[in-house]
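Have a look at the structure below, then the notes.
Only the coordinates and a few stated rules stand behind these numbers; no lab work does. As the structure is a prediction and not an experimental result, all values here were calculated from the model. FYI the Cβ positions are ideal-geometry reconstructions off the backbone, even for glycines, and counts take in every protein chain you see.
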Amino acid sequence: MTPSQRRWIFLIAAAGLLAFFVWGLLDLPGFGRYPGPYGFIINRIALRQTLATGTVSAVNFDYRGFDTLGEEFILFTAAIGVSTVLRRLRGEREQQSAADEAADRDVPPTSSAVRMAALLFTGPLVVLGWWLTSHAQANPSGGFQGGVVLASALIMVYLAGEFLVFKRFSPVDVTDAVEAVGAGGFAAIGVAAVGMGLAFLTNYLSKGQYAGAVSSSGTIALISFFVGLEVAAAFILIVIELLEQTLLIRGGE
Amino acid sequence: MEYFPFIVVAWILAVGLYGIVTSRHLVHQIICLIVVQSSTYVLLLGVGYVTGAVAPYYYDITVHTPAVDPVVQALTLTDVVVEAAVTALLCSFAIQAHKRFGTLDPQALVSLKG
């Protein structure tokens, strides 16, 4: 198929898609006129029921916690998929020292300015990631955002030092274990509710006394913590795999 | 003005799809897929928006303050995470495709393996 044939077939299909899109749009309420009632009901009762001031986190980790469990396992599966696809293939060897060997490229050493900046950012990023992970119930944060920030803190270690140092800070077995604890912890909280004779993922812990406090909102805070572990470990694992591809694994000669 | 956000959604979707169809590089194609998925963020947030309402966080406002739909915001968060995961997986496929066939042009890959 030539590129222009592809383009024509696409344009015909796109015209059909546009027709369906407009058809679907006609019955939607206009922008700014969300009709409810689901979202409005949750907005009204979430604070009273869970003492979480962040309603989005209450939806994610409590009201629709089952969906989030599925989402977390998508991330889990993707991390497993990346490490399976990027395994060392037949005829490839792994180098002992990390080096970029692209034939026509001369890689300059990392400048000390980059190293210093990366070192300076590592500490604040750990604190910020931890704060985000542990404040899902209070404000627009949560395990997903915090986990990504925690993972970037370790990537700063890679920028400041070199790949093998980064790998020593986050060895693959430890990262794998943390990822498993994160994914399993979420599921275990849900199953524990079943063990108590409640519905799966019921918020059975004490909701605390003060709305929006770290100690409030019961399982929402706990699930957010486990999600943070899982997300941080999954992203570190993905980055390690991708860096290993560029820096360590070479085609056989 | 009432339908403007939905026109933006259609535009982002169309641009991304056009990029995927005409792409000559797998990484470019992956980025186009991200663009396609971004249209769903705008759609979700646009559907749940309430004119004049605030974000659904009741830290320093009363429960009776009108706020936008929190459910679509949670869905958008889900969407972003899934997109990141899918992108990582697709990038690793692109790496292996380049190793095996020595090219990242999707149209050349088609003629190599039917």
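Relative to the longest principal axis of chain A, what angle (0 to 90°, nearest 10) does the C-alpha long axis of helix A:3-26 take? So the inclination is approximately 20 degrees.
Residues whose amide H lies under 5 Å from that of B:Ala67, counting only those 5 or more places away or on a different chain, are B:Val54; hydrogens are built 1.01 Å from N in the peptide plane.
Please average, across the residues of B:9-16, the number of beta carbons from any other chain that are within 10 Å of each residue's own beta carbon, and give a whole number.
On the way: counts 2, 5, 0, 0, 4, 5, 0, 0.
The shielding value for this peptide is 2.
In terms of Cα atoms, the Rg and Dmax of region A:36-251 work out to 20.4, 65 Å. Peptide A:24-35 has a mean shielding of 5, counted as Cβ atoms of other protein chains within 10 Å of each residue's Cβ. Residues in region A:108-120 carry Karplus couplings, in order, of x, x, 4, 6, 5, 5, 4, 4, 4, 4, 5, 4, 5 Hz; the curve used is 6.51 cos²θ - 1.76 cosθ + 1.60 with θ = phi - 60°, and Gly or Pro positions show x. What the phi angles of region A:178-190 give under the Karplus curve with 6.51, -1.76 and 1.60, with θ = phi - 60°, is a coupling list of 4, 4, 5, 4, x, 5, x, x, 4, 5, 5, 4, x Hz, glycine and proline written as x.
Cα-based radius of gyration for region B:4-112, normalised by 2.2 N^0.38 Å, reads 1.44. Near the amide H of A:Glu92, within less than 5 Å, lie the amide hydrogens of A:Gly252, all on another chain or at least 5 residues away, with H placed in the peptide plane. Translational diffusion of the protein assembly as shown was estimated from the Stokes-Einstein equation, with Rh taken as the Kirkwood radius over Cα pairs; at 4 °C and 1.567 mPa s the coefficient is 56 µm²/s. The mean count of C-beta atoms from other chains within 10 Å of the C-beta of residues in A:78-89, rounded to a whole number, is 4. The long axis of helix A:38-50 is offset from the longest Cα principal axis of chain A by roughly 90 degrees. Per-residue Cβ neighbour counts within 10 Å put B:His64, B:His28, A:His135 in the sequence B:His64, B:His28, A:His135, beginning with the fewest.
Legend: ranking of residues B:Thr103, A:Thr122 from fewest to most surrounding C-beta atoms inside 10 Å; resulting order B:Thr103, A:Thr122. What is the local net charge at A:Gly65, summed over the other residues whose Cβ is closer than 12 Å to its Cβ (Lys, Arg +1; Asp, Glu -1)? Here the charged neighbours net out to -3.
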